[in-house]
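To keep things clear, I will list the structure first and then write my remarks on it.
Values in this text are rule-based calculations from the coordinates and carry no lab data. If you're wondering where the values come from, they're calculated on a predicted model, not measured in any experiment. A quick note on method: Cβ atoms are made from the backbone with ideal geometry, for glycine too, and the neighbour counts reach across all protein chains shown.
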Amino acid sequence: MSTVPATGAGHAVTTRRSVPWLQLLLPLGFVGLGAFALVDASRIVVPQTAGSVGPRAFPYAVGAVLVLAGLAVVVDVLRGHRGEVEAGEDVDADRSVDWRTVGGMTLAFVLLVVLVEPAGWPVAGTVLFTGTAFALGARPWWRAALIGAVLAVLVHVLFTQYLGLFLPAGPLEGVPGFG
């Protein structure tokens, strides 16, 4: 509450400031997400063979950072710092949504989901990267497809060979470096 002098009167009037709930939603969401991460991390079973930094360290760190950052923003907003209304930067508010681009990108993602198991990541990833680039205006299509194929194969090799994570290889199963 703040005290503001009344106009034309010799006494002060007490007024209430409204709480900016909409500006508090995101930071409170971060606090909740961080608390969830901390609670969920405490449930991770630590094997006897775990080193000094076990599997709980990273989730604890992420949870703590989320809680602390969220609380810092909550305190900042409650102290009166408000986000400025953005003028839209380089966005033309008079133009409508480019549904063709949105549809093309959505189709590329749906094809990834449908193709990843039967065709494997290299094929599905190529479709995703090519479709997204083409929807965003990349021309000619064959250059986007070539770059998409190189990116998909590179991601597949990095994930499977260097990170030890499984990505389906599809028809490339059995080819050295793919499966």
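So the values come out like this:
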read-out: Only Lys, Arg (+1) and Asp, Glu (-1) charged, at Cβ; the stretch 28-179 dipole about Cα centre in debye; value: 360
read-out: Additional length obtainable on full extension of the chain from Phe58 to Ile147, 0.36 nm per residue less Cα span; value: 28.6 nm
read-out: Efficiency of FRET from Cβ geometry, Leu136 and Ser18, R₀ 41 Å, rounded to 0.05; value: 0.45
